[in-house]
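Here, each number is a calculation from the coordinates, and none is a lab measurement. Here the structure is a predicted model, which means the values were calculated and not measured. Don't worry about glycine lacking a Cβ; one is built from the backbone with ideal geometry, like all the others, and counts go over all protein chains shown.
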Amino acid sequence: MLKAAQRRWQDWWKARHPARDAQVLTQRNLYIVPTKVGAAFVLTQLLLLVASINDQLSLGYALTFLLCGAGLASMHTTHGNLRGLTLSLLSPPAGHADADQALTVRLHNPGRARFGIGLRLADATSDSLAWVDVPAQGLAELTLHWRAPGRGLHELPVLRVETRYPLGLFVAWSYWRPESRQWVYPAVEAPCPPLPAGKAVGHEAQPVAVRAGGGDELHGVRPWREGDGLRHVLWNKAAQQPDPNAPLWVREWSAPPQGQDCWLDADDTLGLPDEQRWQRLTAWVLAADQRGTDWGLRLPGQALELGQGAQQRRTALERLALVGQAP
Amino acid sequence: MSPTLTREQRDTGFLIGVVALAIGPHLWRVPLWAAGLALGLLAWRGWLAWRLRPLPARWVLLLIAVAAAVGAKMSHGALLGRSSGLTLVCLLLALKLLEMHARRDAFVVFFLGFFLVLTQFLYSQSLWVALWTLASVWGLLTALVLAQMPLGQPSLKAAGREAARTTAFGLPLMVLLFLLFPRIGPLWGVPGQSGSTGLSEEMSFGDVSTLALDERVALRLRAVDGELPPPGQLYLRGPVLTEFDGQAWKPAAAVLVPPDALVLSGGVLRYELMLEPLRMTVLPVLEHSPGQPGETWALDGVTLRRTAELTWIAPRPLGETLRVQAVAVPPSGVQRGPLAEHLSLRAARALPPGLNPRLRAWARDLRAQVGSDPDFVRAVVAHIRQAPFTYTLNPGVYGEFSPHGIDEFWFDRRLGFCEHYASAFVVALRAAGIPARIVTGYQGRDAELQEGWAVVRNSNAHAWAEYWLPGTGWQRADPTAAVAPERVERGLALSTPVGVFRGAFDAVDPTLWAGLRHLAERMDLRWQEWVLNYKREQQFKLLDKLGFDSPDWSSLGQLAAVTIAVLAVGSLAWQQWHARRRDPWPSRLARVHAQLQARGWPVAPHQAPLRWAHTVRANGGPEPVAQALLALEAWRYGPDAQPTRGWQQTWQEAQRWRQWWRGLRLALRA
């Protein structure tokens, strides 16, 4: 019974707030109630009114009603501070599951300047508002961060936009369900384990990696990263730097590519817990993509053919994000 | 604002300024230490903000608050009470600024600030106070708006404008509420403690009359039906003083009601009286008000009772402004009893034993010389006129070296004003066995009317005498008229010494001061009439004008309900109008699309009229339809297309659309 009522409520609510990537705030989706401060304001006015009645102060009545009028008018102006505003979502960038996902909202303002507009995730605490002012006839952008529950293609969280401007006596708010979905790839295993040997070359092939030192050919120099040996640091260059905090540089050697067609196979990660398998594969995909040679990905029941480039990487990461999940 | 100030510094500085503005007028009313402490706290807060120092620890503030409470208790005797409350609120407000960590803490400051503003009305409700109120409230609301702007460094001007905008939106509601909110009497307690001091309830012989120098308006009169008496005959009866102890005159403790206390025979004057808050318990009214002793007179929020001495007395000091419809009968049409000897006359013959022996002997001698009581009264007045008496507001102090102050006045110095003459006159009559008493009140008025209102000032305060004769009852006698006829005959206010400030004005133009004062008083009159005296009676009058027969509370309620309904419907309509689609073009194009689709042409709603025209042609549609669509395309998107501005262009566009639409329908039919 309760469940049914809850579901009906949810349905009604969703119908009222259809998922959209651009939401115009209108009478239909804006709500407004007095705040605690508003209640205190009413109490103050009652006291002022009683004082005016008891002392028969005409000017006291005038003051009380002036404040009353201003307070009620602020209901209108608070509502007006959101009404007409358009929220639109910049297409959300994909991220990895171990980091916060960025969500950039653009606020278009067709009217007069608006101040003190706060945005937050609907289920976050009420003091976690991100504030933004929107200039007249202009737009403002605001980036929120949220933590996805795991890898996958996620619905974006419901956002709450609210304002108490100008007097703080009322709070007007609206909910917004963005329509877009955000890709969340598995976390990247760090440090990156060595890439598996290319299948075509056989099991005896050495792991291939681009790393500081240990190669035959000088590839170039790059900033120092954790794990680089002290022997490979360009100390001469460091000594010439006037700034002691400047990054260190290391020589980079590259091993000659051993197999042109590197297959990243889920079977190579057997023995690990599931999630860690996908994390390792993700790290491999990123490393393989760096190499500039063709690579392919084999997942249980599916395979991504050999290829390279941004498209290849994205497809691989998306498959990794969804692998093992119910469609 | 200097750009070097941070947001926090600037906002704090602004709030300190607003609080100082709200506290300012009260600094004179709280004890000196409290005023100093409040200013010190504000200065401390300002210094901390300026130097970006941290706020003091909470225990320090708690200590100061406790000290303030102890101080208030010691200064005022009690913690609960108006004056100690005012002291505490002022100090708390200043302290709260030192305890404000977040901008949201400011709310407490705002609400205390609104209270302080209201408290000011207990002391004065003049036009200037109203202007100060507006400034204070605006400042407080601006600070409130600033607290809702969490980002960057918004300009004070923007916040102030927003506060003004919101308040302006609320103004119609304020006016409506002010006009329609039912005015009821005090829920408990007594109003007042406010207002300037009017006539006091007793009169000390030889007190220097401070009232005489006070040119503020005490009350205003306007004839409703009939004519006001000339200034010389305009007597407003206030407290009647019968008991004399040699120094001070006091009202009689208990007076028996005499028979024939008031016998009326003359015509009636209807008039309106607008009383400033004088804190008198006796309502000064034109002589003589009809009303037998013991009758009551219900005014707004207070019920007056008629005394045996024919005054209207209130159960409490009248601390509010009052507007009263009253009736007066001229003294010629009134006889005030008892007409024969009565016990109530005994108090009016009593004299303090052993005092003023010279005057008593003089009076007894004179009474023996003249034949009758009326002749005696005439002889005393004649004596005042003939002996070298001088009328002056600075007579010096009598009774300093002997208890016989009136003897000193009557025989030695002969300098004095109305109080002296009335006192001596009454003592002389009593010494001769004639019942007599002193009446205080107001006499005379400004020569010119102010918009129909006769102005009576505090400096018109006057004291005169009444004596009793068998057969005729009580009579008025004004001994001051004998020595200073111009004071009484022309009803001029007592002249005041010229101050330095006013002297400077007079040096420029002698009429300038009077002109300015006149202007200010006229504005004050309007203010009184329209705002301060807007009470139940005026509310009902307004209803009457709006067409309600015999208005009462229920018609007030009806009017309020109708107004609320109209407002609600209006705002709903406004919202609908606001929410409607502003641009008519999408619906127009949708209509065209529907027409084309009804003919079976494969047109899509998102296509432009040009594409529709091509589709129509490709499907063998009539050429005029395609032409019309091309014309529409040119109209909307061609090089001559103009955005529509203003209602005139909108109207023209609608005309043109109707024409085009007819053309399309014709082409489709063909």
_R0 of 51 Å, Cβ-Cβ distance B:Ile564-A:Leu153: FRET efficiency to nearest 0.05_ = 0.45
_Förster radius 35 Å - calculated FRET efficiency between B:Glu400 and B:Ala350 (Cβ-Cβ, nearest 0.05)_ = 0.90
*Whole-angstrom Cα spans of chain B along principal axes, big to small*: 137, 68, 52
_Cβ charges +1 (Lys, Arg) and -1 (Asp, Glu), total dipole of the stretch B:543-636, debye_ = 720
_Can you tell me which lysines have their Cα less than 20 Å from the Cα of A:Lys3? Leave out same-chain residues fewer than eight positions away._
A:Lys14
*By how many nm would the segment from B:Leu264 to B:Arg51 lengthen if fully extended, with 0.36 nm per residue of separation less the alpha-carbon distance?*
68.9 nm
*Given C-alpha coordinates of the stretch B:532-643, what is the ratio Rg to Rh with the Kirkwood estimate of Rh?*
1.49
_Table column - 3J(HN,Hα) (Hz), the stretch A:280-293, Karplus curve with 6.51, -1.76, 1.60, x for Gly and Pro_ = 5, 4, 4, 4, 5, 4, 5, 5, 5, 5, 5, 6, x, 10
_Approximate spin-label separation A:Ala122-A:Arg28, in nm, with each point projected 7 Å along Cα-to-Cβ_ = 1.7
*Debye intensity ratio in log₁₀ form over the Cα atoms of the stretch B:203-489, taken at each q of 0.08, 0.09, 0.15 Å⁻¹*: -0.32, -0.41, -1.20
*How big, in percent, is the set of alpha carbon pairs in the stretch B:585-669 lying more than 21 Å apart?*
26
*Give me the Kirkwood hydrodynamic radius of the protein assembly as shown in Å, from all C-alpha pairs, to one decimal place?*
37.9
*Express in nm, to one decimal, how much length is gained between B:Val108 and B:Gln576 on full extension, taking 0.36 nm for each residue of separation and deducting their alpha carbon distance.*
164.7 nm
*Calculate, for B:Leu512 and B:Leu131, the FRET efficiency according to 1/(1 + (r/R0)^6) with r their C-beta to C-beta distance and R0 22 Å; round to the nearest 0.05.*
0.45
*With respect to the cross-link table entries A:Lys36/B:Lys73; B:Lys96/B:Lys157; A:Lys36/B:Lys535, which display a Cα-Cα separation exceeding 30 Å?*
A:Lys36/B:Lys73; A:Lys36/B:Lys535
_Whole-number D in µm²/s for the stretch B:323-388 (Stokes-Einstein; Kirkwood sum over Cα pairs; 20 °C, 1.002 mPa s)_ = 139
*Amide H contacts under 5 Å for B:Ala484, placed H, 5+ residues apart*: none
*Calculate the spin-label point distance for A:Thr86 paired with B:Arg29, positioning each point 7 Å from the Cα along the beta-carbon direction, and give it in nanometres.*
5.5
*What list of ³J(HN,Hα) values in whole Hz, one per residue of the stretch B:471-486 in order, does the Karplus curve 6.51 cos²θ - 1.76 cosθ + 1.60 (θ = phi - 60°) give from phi, with Gly and Pro shown as x?*
x, 9, x, 7, 10, 8, 9, 10, x, 4, 4, 6, 9, 10, x, 5
*For the residue pair A:Asn236 and A:Arg291, what label-to-label distance in nm results when each label sits 7 Å from Cα along the Cα-to-beta-carbon direction?*
3.2
*What average count of beta carbons from other chains do you get within 10 Å of the Cβ of residues in B:158-165?*
3
*asked:* How high is the relative contact order of chain B? Use alpha-carbon pairs under 8 Å, at least six apart in sequence, and give a whole percent.
replied: 12
*For the stretch B:71-178, evaluate the Debye formula with one uniform point scatterer on each Cα (no solvent term) and list log10 I(q)/I(0) at q = 0.10, 0.17, 0.21, 0.23 Å⁻¹, rounded to two decimals.*
-0.38, -0.96, -1.21, -1.30
_If I take every Cα pair under 8 Å that is 6 or more residues apart in the stretch A:54-210, average their sequence separation and divide by the length, what percent do I get for the relative contact order?_
24
*asked:* Rounded to two decimals, what is the ratio between the C-alpha radius of gyration of the stretch B:196-351 and 2.2 N^0.38 Å?
replied: 1.06
_Nonlocal amide H pairs with A:Phe170, under 5 Å, H built at 1.01 Å_ = A:Thr35
_Report D for chain A in µm² per second (integer): Stokes-Einstein, Kirkwood Rh on Cα pairs, 4 °C, 1.567 mPa s._
52
*Non-local amide H neighbours of B:Leu304 (under 5 Å, H modeled in plane, Pro and chain starts lacking H): which ones?*
B:Trp297, B:Ala298, B:Leu299
*Computed over the stretch A:1-134: relative contact order in percent, which uses C-alpha pairs under 8 Å that are six or more apart*: 21
*Which whole-number percent of Cα pairs in the stretch A:17-184 have a distance greater than 19 Å?*
61
*asked:* What does the structure give for B:120-127 when I average, per residue, the other chain Cβ atoms found within 10 Å of the residue Cβ?
replied: 3
